[in-house]
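Trainee: Pasting in a structure now, in structure tokens, and then I'll have a few things to ask.
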Amino acid sequence: MSSSPFAILRGPLRDLANLLSGGGDFPRAQERIWINPSRMTRIYTRNPAQTPDYKRRHSGMVLAGDWDQRTEPIDESWKIAACLAHFRDGVAWEETGIYDRMHEMVKTRGQFDSCRTMEDIVARYQTIDALYADILKNGYRDETVHRLGSPRLPEGVYVHLDRHGDPIFGAIGNHRLAIARALGLTRIPAQLGVVHPDAIERNALKRLRRDIE
């Protein structure tokens, strides 16, 4: 299986293609939606040997198939589990196992999450601590931009929509999502990922485009 499927069209061209095929209530590339992180239960299995590796360049693509069935419990994700242990339960980073796991990834790949050494890893998680402190003090930042008549979120938590219209965490933005869960936040912006066509039939985007009550 291809580790990263070909991303058909980009940006405005993808929007236009979705409009022509699906009408006015179509997904947009990099579209901003609203999610309740405390209610997220599944994470997409980003394993190239088993599933297509949907990245940000696939945002807004409408894709049929059984990809949305390849999920795991979200809190079993090693990054999210470590963050919850650290921020919610007060466990030191080195005791969560995250340093060891990151070090193994670096040894295997040469670089992982912009880290090459243990010093890089420690520095990265100091940055995550600073991010947590900022969100705790100032709230979760909404970095939405308005482009071509729609709200877009170029970065941030990445979320797919399954055949029922339910959100699946796309395994990008792990630390931000974990911090939101640790703080018990109920409303954060997210970048729309891949959408199952059945979700459009269920008008799921209408619900996710408005603020969560």
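Trainee: Counting only residues that are assigned to a strand (DSSP E or B) and either in contact with a strand residue (DSSP E or B) (Cβ under 6 Å, 6 or more places away or on another chain) or charged (D, E, K, R) (or both), how many does segment 98-149 have?
Mentor: First, pick out the residues of segment 98-149 that are assigned to a strand (DSSP E or B): 112, 115, 145-147.
Okay, now just the ones that are also either in contact with a strand residue (DSSP E or B) (Cβ under 6 Å, 6 or more places away or on another chain) or charged (D, E, K, R) (or both), so 145, 147.
Going through segment 98-149 one residue at a time, the tally reaches 2.
Trainee: Scan segment 54-64 and tell me whether some residue there is part of a loop (DSSP other than H, G, I, E, B), more than 25 Å from A182 (Cβ to Cβ) and of a type in the set (F, W, Y). Walk me through how you get there before you give the answer.
Mentor: Of segment 54-64, the ones part of a loop (DSSP other than H, G, I, E, B) are 54-55, 59-61, 63-64.
When the remaining residues are screened for being more than 25 Å from A182 (Cβ to Cβ), the result is 54-55, 59-61, 63-64.
When the remaining residues are screened for being of a type in the set (F, W, Y), the result is 54.
Yes, segment 54-64 contains a residue that is part of a loop (DSSP other than H, G, I, E, B), more than 25 Å from A182 (Cβ to Cβ) and of a type in the set (F, W, Y).
Trainee: Read through the list (1) at pLDDT 95 or above; (2) surrounded by 20 or more Cβ atoms within 10 Å (Cβ to Cβ); (3) closer than 26 Å to L63 by Cα, then give the number of the only condition that G156 fails.
Mentor: It is condition (1) that G156 fails.
Trainee: Now for a separate question. Quick one: which residue in R141, R109, R147 is farther than 21 Å from A190 by Cβ, among the basic types (K, R) and out of contact with any Ser or Thr (no Cβ under 7 Å at 6 or more places or on another chain)?
Mentor: R109
Trainee: Hey, another quick one. Using the structure shown, decide if A178 is out of contact with any Ser or Thr (no Cβ under 8 Å at 6 or more places or on another chain), part of a helix (DSSP H, G or I), of a type in the set (G, A, S) and over 19 Å from L84 (Cβ atoms).
Mentor: Working: out of contact with any Ser or Thr (no Cβ under 8 Å at 6 or more places or on another chain): yes; part of a helix (DSSP H, G or I): yes; of a type in the set (G, A, S): yes; over 19 Å from L84 (Cβ atoms): no.
Judged against the criteria, A178 is not a match.
Trainee: For residues in segment 72-91 being in a loop (DSSP other than H, G, I, E, B) and either within 14 Å of I121 (Cα to Cα) or in contact with a helix residue (DSSP H, G or I) (Cβ under 6 Å, 6 or more places away or on another chain) (or both), which is modelled with the lowest pLDDT? So that I can check it myself, show each step before the final result.
Mentor: So in segment 72-91, the residues in a loop (DSSP other than H, G, I, E, B) come out as 77, 88-91.
Restricting the remaining residues to those that are either within 14 Å of I121 (Cα to Cα) or in contact with a helix residue (DSSP H, G or I) (Cβ under 6 Å, 6 or more places away or on another chain) (or both) gives 88, 91.
Details: R88: 95, V91: 98.
If we take residues in segment 72-91 being in a loop (DSSP other than H, G, I, E, B) and either within 14 Å of I121 (Cα to Cα) or in contact with a helix residue (DSSP H, G or I) (Cβ under 6 Å, 6 or more places away or on another chain) (or both), then R88 is modelled with the lowest pLDDT.
The values are calculated or read from the model by the stated rules, or taken from the named source; none is laboratory data. Keep in mind the model is a prediction, meaning the values are calculated, not measured. We place every Cβ from the backbone using ideal geometry, glycine too, and count neighbours over all the protein chains shown.
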